[in-house]
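The values are calculated or read from the model by the stated rules, or taken from the named source; none is laboratory data. Since we're looking at a predicted model, the values are computed, not measured. Every residue, glycine among them, receives a Cβ derived from its backbone with ideal geometry; neighbour counts consider all protein chains shown. Each accessible area value is taken on the protein alone, full model and side chains, heavy atoms only, with ligands, DNA and RNA left out. Shrake-Rupley method; radii C 1.70, N 1.55, O 1.52, S 1.80 Å.
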Amino acid sequence: MTEEGTATEENPVLYVVRPMATAAKQFAKSLVRPSTVIYPFERLEDPAFREEVAVASGKPIGVGAIWDNYRGVHALNIATCISCNLCAFSCPDLCIEMVTVPGGDPKHPKKCPEIDYGKCSYCGFCSDACPEGCLTMTTRYELATAKRSEMVYSPEKLYEVFRTKLPMNPIRLERPENEDQILLDPPLCIGCNACARDCPTACITMLDVAKPEAKAGEKLPKRIWKEPVVNDSDCVRCGTCISVCPKECLFWGKRP
Amino acid sequence: MSQVTLYSVAYTLSDDLLRAVGSILPAGPRGLVTSGTAVTALALLVFGAILLAASMLNTILLIWWERKLLGRFMDRRGAMHVGYAGLLQNFADGLKLFRKNTFQPREADSLGFYFGPTAYLATSLMIFGILPISSGWNAGSLPLTLLLALTIFSFAPLFIFVSAWSSNNKYSLMGGMRSAAQMIAYEVPLLLAVVAVVIVAGSFDLTTIVYEQQNYWFWGPLVVALIVFVAGMLAEMERIPFDLPEAEAELVEGWNTEYGGMLFAFFMLADYLRALVGSILVVLLFLGGWTLPTWVPGSLTSFPLAGIVWFMVKTYLVFGLFVWVRAALPRVRTDQLLRVGWNRMIPLALLSVFLAAVLVEVRCLPVFGCVPSAGV
Ligand code: SF4
Ligand code: SF4
Ligand code: SF4
């Protein structure tokens, strides 16, 4: 037994009187109005209710502090989504599936996230990762349904959430200063245009490269004499180009 | 007209009832049904039924009262949806428990397993039966009511230990042993505190003790005894901070771990019944029972059932004190519990006995007035 333990236990003021006084104070406070929000009948987002609490307790309840960064159902602005896949990559619960939505061309379909709220942990990584700020989290929290399938929100449904103009979680991660860039290993590239075709931001341009003179006895590789050039300021670092490249000639690195 | 008592009410009721039954019967059976013996027998039954109903109703209301108070202490509301302000919530809970299957662990000793809770509840009900609640409601106005009540009250560790042991569960057994140790340790100061009251009141009859306090509630002059008595009661009732026998964090649910359904409800009811009895004893011994001082305006004390109303108000307030303690204090350890019991409470109790003796000798105190005439 520690010394303090003995002291507390043998001191009736410390052990009995002080806690009893604290409890009495709390009792007096919550006799007026306990903190409980009687949820289905009272809602924090109801301005009238907040007004009532503010009057009863003499101080406003945390609209700003609690509310702005609340992470509820997502809102998706389909119009600005660039189908970069970053949200699905960053989801730790693998609850995002990229599904085709109307609006792309046949060769290059537009894909937007579909979220399964049965799995989502509301971590917000997806909206942090979204480079366009089109996937955000709102303050909507009522998701109860009778069917499991209704827990899966299609991009259209997420867009409906977007259109309700609920307060949205505006937190955006700053892009780090020294981000890696997409680099090319030129000898491997065959100029197939796959990266430029699939780049969601169209920041890859295929530029002509000079076709070298074939030396005696040497065979030039069979390829298209073009090479991708990445516009770093437009690139959202989604890695699509790396994953579509058939020759694995793109990689992350720092340009010298 | 003599005073209306609970028994006279029961007697009138059964008399009327049997008369009504007798009037539709032929002469032979009528004489049998309306005979004095039959009426007395039925009156006793009705009397018991009223007592049972009153104790159960109060127990359930007490649980509600604790839930509401504790809620406010914890900045929440407590039960509030079933019935007005959640008043019917505990009835609903009780019904739920009633419908549940009772089961028994495989290796448990059936006799002890079922006997324990039943006897625990039955003895707790017995104490309620003999406690006077008002001038009309004193079934057991015997010269030694107080001793009888405390004797029955101290049966509990036995039944708890029997049910814990026969559950064949180590947590139950540990809880049962703790319970026995705790109750025996606190029985002594509890009884000594009672002795202080008895010295001043000069009687073991609770009715006499109450009337002794008409203008001289004992809590003032005997405040040391009151503190010891309340602490001892908390330990006897196994309420926080002395709820070691069912310390959830260590012993699952303590000695009633293996009980479910209605048997659990028995324990729950008996626990709260004992809490009710504890509060009632505090009111009877220290707070003047159903009487109010004579300077209180007569309109407050003369309406029908005034005694019962004031008694219940006091009882629920005293129980509120127990809830307050529960809300504020952390659970003590076993060694602390026993040390406080033997090293602090017993000396304090002896001191209170001494003070009571001095009080009877001095007879008058500056603030509190004089000891009533009957003091020994
Ligand atoms: S909030 Fe987290 S878990 Fe939910 S979809 Fe986004 S990344 Fe996945
Ligand atoms: S991260 Fe944003 S832009 Fe990229 S696919 Fe997801 S929602 Fe669309
Ligand atoms: S990582 Fe590649 S595909 Fe993605 S935006 Fe940058 S260049 Fe385009």
Assuming a viscosity of 1.567 mPa s and a temperature of 4 °C, what translational diffusion coefficient in µm² per second does Stokes-Einstein assign to chain B, Rh being the Kirkwood radius over Cα pairs?
-> 58 µm²/s
Within the P(r) computed for segment B:1-52, what percentage of the Cα pairs occupies the region above 13 Å?
-> 55 percent
How many percent of the alpha carbon pairs in chain A exceed a separation of 27 Å?
-> 59 percent
With the 1.4 Å probe rolled over protein heavy atoms, segment B:1-52 has an accessible area per residue in Å² of 64 Å²
Normalised convex hull volume, the protein assembly as shown, alpha-carbon set, Å³ per residue = 302 Å³
By how many degrees, 0 to 90 and rounded to 10, does the Cα axis of helix A:18-32 deviate from the longest principal axis of chain A?
-> 80 degrees
Among A:Asp185, A:Asp198, A:Asp232, which one shows the biggest mean-square fluctuation in a GNM of chain A, springs joining Cα atoms closer than 10 Å?
-> A:Asp185
Could you give P(r) for segment A:74-163, binned at 10 Å from zero, as whole percent values over all Cα-Cα pairs?
-> 18, 55, 25, 3
Checked against a 26 Å limit on the C-alpha separation, the offending pairs among A:Lys25/B:Lys68; A:Lys119/A:Lys247; A:Lys119/B:Lys68 are A:Lys119/A:Lys247; A:Lys119/B:Lys68
Give the angle, between 0 and 90 degrees and rounded to the nearest 10, that separates the Cα long axis of helix A:47-57 from the longest principal axis of the Cα atoms of chain A.
-> 40 degrees
When averaged across all projection directions, what area in nm² does the alpha-carbon convex hull of segment B:251-316 cover?
-> 6.3 nm²
Length gained when the stretch B:Val4-B:Met56 is fully extended (0.36 nm per residue, less Cα-Cα span) = 16.4 nm
Say each of A:Lys219 and A:Arg175 gets a label point 7 Å from the Cα, pointing the same way as Cα to Cβ; how far apart are those two points in nm?
-> 4.3 nm
Between chains B and A, the summed loss of accessible surface on complex formation, probed at 1.4 Å and reported to the nearest 100 square angstrom, is 1900 Å²
Enumerate the helices in chain B for which the Kyte-Doolittle hydropathy averages -0.5 or more and the C-alpha atoms extend at least 27 Å along the helix's axis, using complete DSSP H runs.
-> B:36-73, B:110-130, B:170-201, B:261-286, B:306-328
Chain lengthening between B:Gln214 and B:Glu250 when straightened (0.36 nm per residue, less Cα-Cα) | 8.3 nm
Could you name every residue in segment B:56-96 that has 10 Å² or more less accessible surface in the full protein assembly than in its own chain alone (probe 1.4 Å, ligands and nucleic acids excluded)?
-> B:Leu69, B:Arg72, B:Phe73, B:Asp75, B:Arg76, B:Arg77, B:Met80, B:His81
